[in-house]
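The structure under discussion appears below in the form of structure tokens.
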Amino acid sequence: MGQKAPSRGGNAQDRHSVTGKPKSPVAASRPKASDKASEVKPVISQSAAQTRPLMVREGDLPRENVPIILESQNAGDFHLVDSGKGLKLEKYGPYFVVRPEAQALWQPSLSADVWNRADAVFTGNTDEDGMGRWKFPREALGETWPLSLLDIDFQGRFTAFRHMGFFPEQIVHWTWVRDRVEEAKAKGRTLKVLNLFGYTGVASLVAAAAGAEVTHVDASKKAIGWARENQALSRLDKAPIRWICEDAMKFILREERRGSTYDIILTDPPKFGRGPNGEVWELFEHLPVMLDVCRELLSKNSVGLVLTAYSIRASFYSIHELMRETMRGAGGTVESGELVIRETGIDGKARGRALSTSLFSRWVSQ
């Protein structure tokens, strides 16, 4: 429904639209023009979430497993090198990148000389609530460059909202989806995966490469365009992926009316956003309905429902208990906690500190 704020939730210019993620990419030190809130003032319309009442759920609550810390380390062309003083030093393919990170309260482990060798540094809003600029201290870099994760090839991007075209803390969820799809494939079953707020499609491509039929939903035309480019780079042109450019709530409500079902649903909604036609999304107000509809879209032999939440002033218990109430009577287990990324040093082999990135809750049928 809306566009995620530049950080992990905030205003209409977020990291992804309510069916998508960060907005248009930016070239070096050039702010995005087309997405400035001052230039485009969409007409506010009623949220689709406000028109659909919650179901009355009965039965026992699912089992629970809390707290769970899901940890992503280096994978393919990414790893977290170091962090501290409100910054993080990351490696994306050949490039060392410095970006703000408010939760890095400690001192860096590596020397200033290492940090000063960064190829790209993001400057601007340190609280992730607005656009900023990229500086390239060593040499000018292009807007995109090739990356690979979990055997998926795609483009990294320097965006106006500091993001790199994908969110590495999600690697642990992508690995989980891939493993479930491959397990089902080995038993002769093809899983259907719905990826809401799909952004540039890395999760969708991981699932498709493992053998799933994927429906990818994002409200941003540019994000869908990026995703299709990544599909070609990954040589998955013939993979069964539906690319849907639409408001997430409108899409799932229509799927509910049609009786469509999926075996795995990934949902990564913003804190606040607007859809392409001015639809307003408020996480605390609309998330219960979104999860409720997602439950109705789960197949009889479904595998799981995964929710990630960024930059919200809440404990993971808030989304944990919501997920348990949503899945009341469905059996299975709800496991919730935090996603973290582990520092692994310059060579990607060390074991450093864990940097918290977001909250998650995941219902699994078994």
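The values are calculated or read from the model by the stated rules, or taken from the named source; none is laboratory data. Fair warning: this is a prediction, and the values are worked out from it, not measured in the lab. Ideal geometry is used to build each Cβ from the backbone, glycine not excepted, and the neighbour counts take in all protein chains shown. We work out accessible area using only protein heavy atoms, side chains counted, and drop any ligands, DNA or RNA first. Shrake-Rupley method; radii C 1.70, N 1.55, O 1.52, S 1.80 Å.
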message: Quick test of your reading of the structure: P67 fulfils all but one of (1) open to solvent by 40 Å² or more (accessible area, probe 1.4 Å); (2) free of Cβ contacts under 8 Å to residues at least 60 places away in the same chain. Name the failing condition by number.
response: (2)
query: Between residues in segment 215-239 that are of a type in the set (K, R) and residues that are surrounded by fewer than 20 Cβ atoms within 10 Å (Cβ to Cβ) and part of a helix (DSSP H, G or I), which pairs lie under 7 Å by C-beta distance while being six or more apart or on different chains?
result: none
field: Some residue of segment 329-337 being open to solvent by 10 Å² or more (accessible area, probe 1.4 Å) and within 20 Å of the chain's Cα centre (by Cα)
entry: yes
message: Can you confirm whether S336 is out of contact with any strand residue (DSSP E or B) (no Cβ under 6 Å at 6 or more places or on another chain) and either of a type in the set (S, T, N, Q) or within 28 Å of A184 (Cα to Cα) (or both)?
response: no
task: Mind listing whichever residues of segment 228-245 are within 17 Å of the chain's Cα centre (by Cα) and either of a type in the set (S, T, N, Q) or closer than 24 Å to S299 by Cβ (or both)?
output: N230, W243, I244
query: Quick one: is G188 over 16 Å from the mean Cα position of the chain (by Cα) and open to solvent by less than 60 Å² (accessible area, probe 1.4 Å)?
result: no
message: Go through (1) assigned to a loop (DSSP other than H, G, I, E, B); (2) touching a Pro at 6+ places or on another chain (Cβ under 8 Å) for K238 and report which single condition fails.
response: (2)
task: Scan segment 202-223 and give yes if some residue there is farther than 21 Å from L305 by Cα, part of a loop (DSSP other than H, G, I, E, B) and within 15 Å of the chain's Cα centre (by Cα), otherwise no.
output: yes
- prompt: Within segment 299-322, how many residues turn out to be open to solvent by less than 10 Å² (accessible area, probe 1.4 Å) and within 17 Å of V66 (Cα to Cα)?
  reply: 8
field: Pairs where the first residue, in segment 82-110, is over 17 Å from G132 (Cβ atoms) and open to solvent by 20 Å² or more (accessible area, probe 1.4 Å) and the second is assigned to a loop (DSSP other than H, G, I, E, B) and of a type in the set (S, T, Y), C-beta under 6 Å, 6+ apart
entry: none
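If a residue has to be assigned to a strand (DSSP E or B) and free of Cβ contacts under 8 Å to residues at least 60 places away in the same chain to count, how many in segment 141-170 make the cut?
Number satisfying all stated conditions: 1.
If only one of M249, M290 is touching a helix residue (DSSP H, G or I) at 6+ places or on another chain (Cβ under 6 Å) and crowded, with 23+ Cβ neighbours inside 10 Å, which one is it?
Working: M290 fails: touching a helix residue (DSSP H, G or I) at 6+ places or on another chain (Cβ under 6 Å).
Result of the check over M249, M290: M249.
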- request: Look at Q231 and say whether it is of a type outside the set (D, E, K, R), outside any loop (DSSP other than H, G, I, E, B) and over 25 Å from L355 (Cα atoms).
  value: yes
task: Determine if segment 154-171 includes at least one residue that is within 28 Å of A203 (Cα to Cα) and open to solvent by 50 Å² or more (accessible area, probe 1.4 Å).
output: no
field: Flag if L147 is within 18 Å of the chain's Cα centre (by Cα) and open to solvent by less than 40 Å² (accessible area, probe 1.4 Å)
entry: yes
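Yes/no per residue for (1) buried (at least 24 other Cβ atoms within 10 Å of the Cβ); (2) modelled with pLDDT of 95 or more; (3) not charged (D, E, K, R):
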| site | (1), (2), (3) |
| --- | --- |
| V217 | yes, yes, yes |
| K222 | no, no, no |
| E229 | no, yes, no |
| I244 | no, yes, yes |
| E255 | no, yes, no |
| L266 | yes, yes, yes |
| P270 | yes, no, yes |
- request: Of all residues in segment 338-366, count the ones that are open to solvent by 30 Å² or more (accessible area, probe 1.4 Å) and in a loop (DSSP other than H, G, I, E, B).
  value: 8
field: Candidates E296, E285, E325, filtered to the one that is open to solvent by 40 Å² or more (accessible area, probe 1.4 Å), under 16 Å from N65 (Cα atoms) and in a helix (DSSP H, G or I)
entry: E325
